[in-house]
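Undergrad: Structure in structure tokens, see below.
The values are calculated or read from the model by the stated rules, or taken from the named source; none is laboratory data. Just so it is clear, the model here is predicted, and its values are computed rather than measured. Quick reminder, even Gly has a Cβ in these numbers, built from the backbone with ideal geometry, and neighbours come from all protein chains shown.
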């Protein structure tokens, strides 16, 4: 068996994906990370080299397997979103491993056998690795001691030695892979430690941070908002000639340049919702369902017959908790505003219908249970034995312990006699559990007996000596539930089909007659707005195209196929409605951007808004420049004089928001008692009076600020390094488009 298996066995830990060296652990050598794939891009590029599709697939399958297992242990779902997250994690590990291996080679970072052994065995100043911590932990006390560390090193050395000599198939390869995994992790530590040597904070920076946080200015101000002037005001109207002239003067400005190639698609969505007739029909159905449910004498058969979700428990597995409760991932939930209704209900009472996640529910209350339980136990395990002599002996042991156990010695006796490894090191304690989380006999005893009671309880695990320590003051219901979907009828869905197809036909007929791409997009916006739908943009980076805001993967794929289709141009309209679960999506390509200077149509709207802001600013500044009296300015602008305290380190002004230019001006040149000329901010024009400046207290040490700035810099250094490496390597994530056969 490989060392990973041994580590799992010894430590109880699943050693999986830890750090960025995982790819080396799974796949082997650096060169195997690259490989030939179909086309120019394959699944992606790093420094112009195609990533090995087969190796990535192996890694992705491993990550999905681990994440799914983790979700099952935590009793969480593992759907499309979680699957996508797992594959993204595998991709990021792949890319970062490639980039870091190249860095190790360039810098000559290596790990000798002596260093590796010291790293693994926690000698020569190396700390104990978390993965291997249980080798070094005292099995009785649960802590690391000098003796347990010595014996731990010996156990680990023996395990490694056995594995090196193992004749099992693949053992040698797995050991070499594991050795490479830990070696690469050590290389990663050395790499970032090396970079960390270049991160520092000067005394001047620490002093400036201290002053920025401690010096306070009290101000009074009047603000005229840009939004107070309508964009359609005749006095600030912007002509097309002005926008084009502005474009010629500013198209090379850094803020307008396209930093990466991208595409934009505008979409609007049409939901298929139940009609009034559908609602009325569903209401009749629910009324009859409630009457039949109430009269039912066999809830199990009724649920199986009438509920869309064929689940009937009839016991404490049917406990229900409010949505958002910490146990809602393990039990059925109900809307929080129904909590009081359920807790005051009587057994046999129906509650509902109530709605959650597009479903309607009717629940019958069949019992109650405490909202929280706390107990401790000592287990005399029977290990599944059915031998009457064995069981009698185990029962005799439990009864003997029951006679002497009490609140004072309970923990000590657990440590000495209990066979439950999950609670032994905690004195047998289980906190904050619900009755349905334990086996029936254990949970039932804790729920139905008073606090302080100690007794022997038999379960399939053995004989438990249980002490009830706490019970919640409130209760949760135990429910049996009918689930139904409230959706549009076939007739309503058909009518919506006709509506969306007619709208798409209208768009196509009108847009296809226009040549100018800007006019195409403006017409699209106008028609959709008049149909009372909302248009929103989706932007896709060519190097990493991702779709956000749609429900199904199929709908996302269709939008990507439109954006990156062959011969696509700005103004290309989808040829048929995209079905996205309970809604339709209509899309049009609105931008295809290359790196560098933008095309006029790509920045026209943005530039028009900025020209409008400039014209509004000029008008407001002229209006405000006539007086420095804040009261008069407030009266003239039909607003108020506001007060605020500001610091340089957080350049916000009261409720007016983030205004760094204004705050910077006030700290740079304005003295107490002075009133500024009109100043242009992000939201409007300000006239400000500084009423008082409270200087920072005098200090001889700026160590706290120094440490804070240094820690912040060190914390972001790793992510910024990886970001810089990715940018330099021009990483292209082509997985989605490759699978769609859109970009090969």
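Undergrad: Could you check the range 682-703 and list, in sequence order, the residues that are crowded, with 18+ Cβ neighbours inside 10 Å and out of contact with any strand residue (DSSP E or B) (no Cβ under 8 Å at 6 or more places or on another chain)? Show your work before the answer.
TA: To start, the set of residues in the range 682-703 that are crowded, with 18+ Cβ neighbours inside 10 Å comprises 684-690, 702.
Across the range 682-703, the qualifying residue is only 702.
Undergrad: Just a yes or no: is a residue in the range 350-361 within 22 Å of residue 441 (Cβ to Cβ) and not in a helix (DSSP H, G or I)? First the steps, then the outcome.
TA: We begin by selecting, within the range 350-361, every residue within 22 Å of residue 441 (Cβ to Cβ); these are none.
No.
Undergrad: Hey, can you tell me all the residues within the range 379-396 that are within 21 Å of residue 437 (Cα to Cα) and either surrounded by fewer than 18 Cβ atoms within 10 Å (Cβ to Cβ) or at pLDDT 95 or above (or both)?
TA: Within the range 379-396, 381, 383, 384 qualify.
Undergrad: So, in the range 295-337, how many residues would count as being part of a loop (DSSP other than H, G, I, E, B), buried (at least 17 other Cβ atoms within 10 Å of the Cβ) and under 31 Å from the mean Cα position of the chain (by Cα)?
TA: Matching residues across the range 295-337 total 4.
Undergrad: How many residues are more than 17 Å from residue 324 (Cα to Cα) and at pLDDT below 90 when one looks only at the range 344-357? Can you show your working first?
TA: From the range 344-357, those more than 17 Å from residue 324 (Cα to Cα) are 344-353; that's our starting set.
With the extra rule that they be at pLDDT below 90, the set shrinks to 352.
Final tally of qualifying residues: 1.
Undergrad: Exactly one of these conditions fails for residue 222: (1) in contact with a strand residue (DSSP E or B) (Cβ under 7 Å, 6 or more places away or on another chain); (2) not assigned by TED's automatic domain parsing to the domain that holds residue 668. Give me its number.
TA: (2)
Undergrad: Could you count how many residues in the range 398-442 are in a loop (DSSP other than H, G, I, E, B), within 30 Å of residue 314 (Cα to Cα) and without any contact (Cβ under 8 Å) to a residue 40 or more places away in the chain?
TA: First pass over the range 398-442, keeping only residues in a loop (DSSP other than H, G, I, E, B): 405-409, 418-423, 427-428, 434, 438-439.
Checking the rest, the ones that are also within 30 Å of residue 314 (Cα to Cα) come to 420, 422-423, 428, 434, 438-439.
After this cut, where a residue has to be without any contact (Cβ under 8 Å) to a residue 40 or more places away in the chain as well, the list is 422, 438-439.
Summing the residues that are in a loop (DSSP other than H, G, I, E, B), within 30 Å of residue 314 (Cα to Cα) and without any contact (Cβ under 8 Å) to a residue 40 or more places away in the chain in the range 398-442 gives 3.
Undergrad: For the condition over 28 Å from the mean Cα position of the chain (by Cα) and within 30 Å of residue 489 (Cβ to Cβ), what is the one hit in 574, 578?
TA: 574
Undergrad: Another question, if that's okay. Among (1) surrounded by fewer than 18 Cβ atoms within 10 Å (Cβ to Cβ); (2) in contact (Cβ under 8 Å) with a residue 60 or more places away in the chain, where does residue 622 come up short?
TA: Only one criterion is unmet by residue 622, namely (2).
Undergrad: So, residue 738, is that one closer than 30 Å to residue 559 by Cα and surrounded by 15 or more Cβ atoms within 10 Å (Cβ to Cβ) or not? Walk me through it before giving the result.
TA: On the way: closer than 30 Å to residue 559 by Cα: yes; surrounded by 15 or more Cβ atoms within 10 Å (Cβ to Cβ): yes.
It is true that residue 738 is closer than 30 Å to residue 559 by Cα and surrounded by 15 or more Cβ atoms within 10 Å (Cβ to Cβ).
Undergrad: Moving on. Among the residues of the range 248-289, what is the count of those that are under 24 Å from residue 524 (Cα atoms), outside any loop (DSSP other than H, G, I, E, B) and touching a helix residue (DSSP H, G or I) at 6+ places or on another chain (Cβ under 9 Å)?
TA: Qualifying residue count for the region: 8.
Undergrad: Among the residues that make up the range 342-358, is at least one of them touching a strand residue (DSSP E or B) at 6+ places or on another chain (Cβ under 6 Å) and surrounded by fewer than 13 Cβ atoms within 10 Å (Cβ to Cβ)?
TA: yes
Undergrad: Next question. Any chance you could count how many residues in the range 413-437 are crowded, with 19+ Cβ neighbours inside 10 Å, touching a helix residue (DSSP H, G or I) at 6+ places or on another chain (Cβ under 7 Å) and closer than 16 Å to residue 374 by Cβ?
TA: Number satisfying all stated conditions: 4.
Undergrad: A further question on this structure: On the basis of being without any contact (Cβ under 8 Å) to a residue 12 or more places away in the chain and under 30 Å from residue 734 (Cβ atoms), does residue 276 make the cut? Quick ask: steps written out before the conclusion?
TA: Working: without any contact (Cβ under 8 Å) to a residue 12 or more places away in the chain: yes; under 30 Å from residue 734 (Cβ atoms): no.
No, not satisfied.
Undergrad: If you don't mind, there's one more thing I want to ask. Every residue in the range 110-128 that is within 34 Å of the chain's Cα centre (by Cα) and crowded, with 19+ Cβ neighbours inside 10 Å, please. Give the steps one after another, and end with the answer.
TA: Taking the range 110-128 first, the residues within 34 Å of the chain's Cα centre (by Cα) are 119-120, 126-128.
Passing the criteria: 119, 120.
Undergrad: Of the numbered conditions (1) in contact with a strand residue (DSSP E or B) (Cβ under 8 Å, 6 or more places away or on another chain); (2) in the same structural domain as residue 676 (by TED's automatic domain parsing), residue 609 fails exactly one; give the number of that condition.
TA: Only one criterion is unmet by residue 609, namely (1).
Undergrad: To continue, here is another question. Return the only residue of 234, 280, 261, 193 being over 37 Å from the mean Cα position of the chain (by Cα), surrounded by fewer than 16 Cβ atoms within 10 Å (Cβ to Cβ) and either more than 30 Å from residue 359 (Cα to Cα) or modelled with pLDDT of 95 or more (or both). Talk me through it step by step, then tell me what you get.
TA: On the way: 280 fails: either more than 30 Å from residue 359 (Cα to Cα) or modelled with pLDDT of 95 or more (or both); 261 fails: over 37 Å from the mean Cα position of the chain (by Cα); 193 fails: over 37 Å from the mean Cα position of the chain (by Cα).
Checking each option against the conditions leaves just 234.
Undergrad: Determine which member of the set 572, 590 is free of Cβ contacts under 8 Å to residues at least 60 places away in the same chain, in contact with a helix residue (DSSP H, G or I) (Cβ under 9 Å, 6 or more places away or on another chain), outside the structural domain of residue 225 (by TED's automatic domain parsing) and under 26 Å from residue 519 (Cβ atoms).
TA: Step by step, each of 572, 590 is checked, and only 572 is free of Cβ contacts under 8 Å to residues at least 60 places away in the same chain, in contact with a helix residue (DSSP H, G or I) (Cβ under 9 Å, 6 or more places away or on another chain), outside the structural domain of residue 225 (by TED's automatic domain parsing) and under 26 Å from residue 519 (Cβ atoms).
Undergrad: Based on what the data block shows, is residue 204 surrounded by fewer than 14 Cβ atoms within 10 Å (Cβ to Cβ), within 40 Å of the chain's Cα centre (by Cα), in contact (Cβ under 8 Å) with a residue 60 or more places away in the chain and in a helix (DSSP H, G or I)?
TA: On the way: surrounded by fewer than 14 Cβ atoms within 10 Å (Cβ to Cβ): yes; within 40 Å of the chain's Cα centre (by Cα): yes; in contact (Cβ under 8 Å) with a residue 60 or more places away in the chain: no; in a helix (DSSP H, G or I): yes.
No.
Undergrad: Please find, among 501, 495, 522, 532, the residue that is assigned to a loop (DSSP other than H, G, I, E, B) and surrounded by fewer than 16 Cβ atoms within 10 Å (Cβ to Cβ).
TA: Numbers: 501 fails: assigned to a loop (DSSP other than H, G, I, E, B); 495 fails: assigned to a loop (DSSP other than H, G, I, E, B); 522 fails: assigned to a loop (DSSP other than H, G, I, E, B).
Just one listed residue meets the conditions, 532.
Undergrad: Residues that are touching a residue at least 60 places away in the same chain (Cβ under 8 Å) and part of a helix (DSSP H, G or I): does the range 142-157 have at least one?
TA: Going through the range 142-157, the residues touching a residue at least 60 places away in the same chain (Cβ under 8 Å) turn out to be 142, 155.
Still in the running and part of a helix (DSSP H, G or I): 155.
Yes, the range 142-157 has at least one match.
Undergrad: Still on this structure, please answer the following. Looking at residue 370 and the list (1) under 20 Å from residue 483 (Cβ atoms); (2) at pLDDT 90 or above, which single condition is not satisfied?
TA: Answer for residue 370: the failing condition is (1).
Undergrad: Hey, could you check the range 504-518 for residues that are surrounded by 14 or more Cβ atoms within 10 Å (Cβ to Cβ) and either touching a helix residue (DSSP H, G or I) at 6+ places or on another chain (Cβ under 8 Å) or without any contact (Cβ under 8 Å) to a residue 60 or more places away in the chain (or both) and say which is nearest to residue 362 (Cα to Cα)?
TA: So, considering only residues that are surrounded by 14 or more Cβ atoms within 10 Å (Cβ to Cβ) and either touching a helix residue (DSSP H, G or I) at 6+ places or on another chain (Cβ under 8 Å) or without any contact (Cβ under 8 Å) to a residue 60 or more places away in the chain (or both), the one nearest to residue 362 (Cα to Cα) is 507.
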